[in-house]
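The values are calculated or read from the model by the stated rules, or taken from the named source; none is laboratory data. Everything numeric here is computed off the predicted structure, so don't read it as measured data. Here Cβ is always computed from backbone atoms with ideal geometry, including for glycine, and neighbour counts include all displayed protein chains. We work out accessible area using only protein heavy atoms, side chains counted, and drop any ligands, DNA or RNA first. Shrake-Rupley method; radii C 1.70, N 1.55, O 1.52, S 1.80 Å.
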Amino acid sequence: QYVAQNRSRPFFLGVGFHKLHLPFRSPTEFMTHYPPARNISVAKDKNFPKESPPIAWNNCLAGGNRYSDVTEHRDYLHAMADEEAQLLRRGYYAAVSFTDSLVGELLQKLKDLGLENDTIVSFHADHGWQLGEHNMWCKMSNFELGVRVPLMFHVPWMASTLGKRSQALAELVDVYPTLAELAGLPPPPDLDGTSLAPVFKNTTMFLKNASFSQFPKCGSNMKNMGACTKVAKDKIDFMGYSIRTDRYRYTEWLRWNGTSLKADWSTVVATELYDHNGDPEKDFNAFEHANIVSFNPGLAENLSKQLRAEMSK
């Protein structure tokens, strides 16, 4: 409505959609897009990765997430029953379709106002999601599916970029400087991100050699820890930091100092290393099925140095 009333003025509109957050409830019409639950496929690799530390696992479906009746999925060794996984996956897919329809309504409104050729559209999620891969659900991890998000830009006056894809590493902190440059605006000097605008001219270009993520864990039982939901920063027990290069993902779990609100880099609790070489980007969990850190100490050391250098900034 604001845009319609101020069509001659430049605008920025940030729109957030609650779905796909739990619980997976959507209008019935979107559920009917999908076959019965018994015909929905489950994760190809339902087992927690070999040699991976239990602290990396998370169970988000218990308690307050309204799926406390889920059976079996009680620790990293016991996967959810297929029948329950199929029901949840069907609900998730319906939520995707529901949100997709809402995005469509927004884009249609831009078209109705005659602004579709003058407006940059950026689409991304704030986190990834696991649907049984690694015997995990939800987002609370540093695995590929937990932190990787869809990221799309539509810049109508750059016709040669339409429909193009890039393998360049990117982070969500890059969205702001990218939008600023594409819109011809000077970004503030203190932004953390890197503009991805050069990639629009050369999709094979890599602007950074790694991307980073982190996620906390709370509790004393290493085999079944919580995700620190609604926990004050000084009450966090551990922090997991992860670096992703074009080939590898390396993660370190450290004790958290509640006084300094910083990780204690001298107390490494666990490490993980996964090789994504040859990853077709269709089944990420197939490339994080085994922790190979013990077989590659030199590589792990180099990635650790990069990770620590970035997190010390």
> Do the sum for the chain: with -39,500 (n - 2.57) for every DSSP H run of n ≥ 4, divided by all residues, what is the mean residue ellipticity at 222 nm, to the nearest 500 deg cm²/dmol?
Replying inline: -6500 deg cm²/dmol
> Just one of (i) 5, 20, 25, 21, 15, 8, 3, 2, 1, 0; (ii) 6, 24, 27, 17, 11, 9, 4, 1, 0; (iii) 5, 23, 30, 26, 13, 2, 0 is P(r) over Cα pairs in 10 Å bins from 0, in percent calculated from these coordinates, so which is it?
Replying inline: (iii)
> What accessible surface, in Å², does a 1.4 Å probe find on Glu51, ignoring ligands, DNA and RNA and rounding to the nearest 10?
Replying inline: 150 Å²
>> Based on alpha-carbon centroids, what's the gap between the range 146-192 and the range 208-273 in Å, whole number please?
In response: 27 Å
> What is the sum of charges around Thr194, taking Lys and Arg as +1, Asp and Glu as -1, for the other residues whose C-beta is under 14 Å from the C-beta of Thr194?
Replying inline: -4
>> Need one number: nm distance between label points at Lys223 and Asp246, each 7 Å from Cα along Cα→Cβ, rounded to one decimal.
In response: 4.2 nm
> Which residue fluctuates the most in the chain, going by a Gaussian network model with Cα springs under 10 Å, if the choices are Tyr248, Tyr76, Tyr176?
Replying inline: Tyr176
> For Thr194, Thr178, what's the largest-to-smallest order of accessible area, 1.4 Å probe?
Replying inline: Thr194, Thr178
>> So if I place +1 on the C-beta of Lys and Arg and -1 on the C-beta of Asp and Glu, and nothing else carries charge, what would the dipole magnitude of the range 194-313 be about its Cα centre? I want it in debye, nearest 20.
In response: 440 debye
> Nearest 20 debye, what's the magnitude of the dipole of the chain about its Cα centre given +1 on Lys and Arg Cβ and -1 on Asp and Glu Cβ?
Replying inline: 360 debye
>> Full-extension gain between Val121 and Tyr176, please, as 0.36 nm times their residue separation minus the C-alpha to C-alpha distance.
In response: 18.6 nm
